[in-house]
Amino acid sequence: MASERGAERGGASGPAEGSGASEQAEQVELAGQVEREVGVGPWEGPWPADEHYDPELLAHGDRRNVVDEYRYWRHEAIVADLDARRHTFHVAIENWQHDFNIGTVVRTANAFLAAEVHIIGRRRWNRRGAMVTDRYQHIRHHATVEEFVAWAAESGLAVLGVDLFPDSAPIETYAMPRDCVLVFGQEGPGLSEEVRQAATATLSIAQFGSTRSINAGTAAGIAMHSWIRQHARID
């Protein structure tokens, strides 16, 4: 089965390597311009000896899009800390027509600390919407639905499709298994029939307006938060 762990950048596998400075430069480029100062400046006082810290960031400041807990930390140290406490749900999205929602899905998966994001179909996707969070989020590619379904079964994960089918269960009242993968279809056609047939259940999100469906990236955020409300520890 041809799948791989880690964010794909330039053909490489694994979370992308690189200094904090290069990541900051990439985020500035994505934003177009910096409208307000974010992050922190150079470290004041004696430098900490802990190996978590990046000397380049300590010297020049940390303007990355990370929580305060990770200021001045090396990229590898942040990923290792996240890996030690990731949740047990996964997220998958079909990518047969180069879906532009994938970046948003990756960014949200990072925010909710998903185990992995799975891309089914085309390998390439637009990373701009991820806002560099793909450096911290494990991403796995599956060329076909069959390959993805086989991986989920081997991993002991329930496949839960999210789409508006007549037989879909309301996500608002559905008891999600702790170990599962939430699957979202291509923007437009929605969840493929192959995924629908393979799913343990399909879930719908309640809507009250005139539109037939909501954006796939938005739906993914709602579904992930539904899992969080049922299973995550909220301090």
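Selection of the stretch 111-132 for residues being surrounded by 21 or more Cβ atoms within 10 Å (Cβ to Cβ) and in a helix (DSSP H, G or I) yields only Ala130. Pairing residues of the stretch 64-77 that are closer than 15 Å to Pro42 by Cα and open to solvent by less than 30 Å² (accessible area, probe 1.4 Å) with residues that are part of a helix (DSSP H, G or I) and hydroxyl-bearing (Ser, Thr, Tyr), at Cβ distances under 9 Å and at least 6 apart in sequence or on separate chains, gives Arg64/Tyr70. A Cβ distance below 6 Å, combined with a sequence gap of six or more or placement on separate chains, defines the contacts here; from the stretch 223-235, residues that are among the polar types (S, T, N, Q) reach residues that are in a loop (DSSP other than H, G, I, E, B) and open to solvent by less than 80 Å² (accessible area, probe 1.4 Å) in the pairs Ser226/Ile171; Gln230/Met176.
Are any residues in the stretch 134-164 among the hydroxyl-bearing types (Ser, Thr, Tyr) and within 13 Å of Gln197 (Cα to Cα), and if so, which ones?
Across the stretch 134-164, there are no qualifying residues.
Residue pairs whose Cβ atoms lie under 9 Å apart, sitting 6 or more positions apart in sequence or on different chains, and linking a residue in the stretch 31-51 that is surrounded by 10 or more Cβ atoms within 10 Å (Cβ to Cβ) and assigned to a loop (DSSP other than H, G, I, E, B) to a partner that is at pLDDT 95 or above and of a type in the set (Ser, Thr, Tyr), are Trp43/Tyr53; Trp43/Tyr72; Trp47/Tyr53; Pro48/Tyr72. Put simply, of Ala199, Ala175 the only residue that is over 18 Å from His141 (Cα atoms), at pLDDT 95 or above, small (Gly, Ala, Ser) and open to solvent by 30 Å² or more (accessible area, probe 1.4 Å) is Ala175. Screening the stretch 205-223 for residues that are open to solvent by 20 Å² or more (accessible area, probe 1.4 Å) and not in a loop (DSSP other than H, G, I, E, B) and picking the one that is modelled with the highest pLDDT gives Ile222. Please go through the stretch 178-196 and give me each residue that is open to solvent by 70 Å² or more (accessible area, probe 1.4 Å) and at pLDDT below 95, ordered by number. Within the stretch 178-196, Glu187, Pro189 meet the criteria.
Answer yes if at least one residue in the stretch 155-169 is buried (at least 19 other Cβ atoms within 10 Å of the Cβ) and either part of a helix (DSSP H, G or I) or without any contact (Cβ under 8 Å) to a residue 12 or more places away in the chain (or both), and no otherwise. No, there is no match, as no residue in the stretch 155-169 is buried (at least 19 other Cβ atoms within 10 Å of the Cβ) and either part of a helix (DSSP H, G or I) or without any contact (Cβ under 8 Å) to a residue 12 or more places away in the chain (or both).
The values are calculated or read from the model by the stated rules, or taken from the named source; none is laboratory data. Every value quoted in this text rests on a predicted model; they were computed, and no experiment measured them. Heads up, the Cβs are rebuilt from the backbone with ideal geometry, glycines too, and the neighbour counts pull from every protein chain shown. Calculation scope for accessible area: heavy atoms of the full protein, side chains included, ligands and nucleic acids excluded. Shrake-Rupley method; radii C 1.70, N 1.55, O 1.52, S 1.80 Å.
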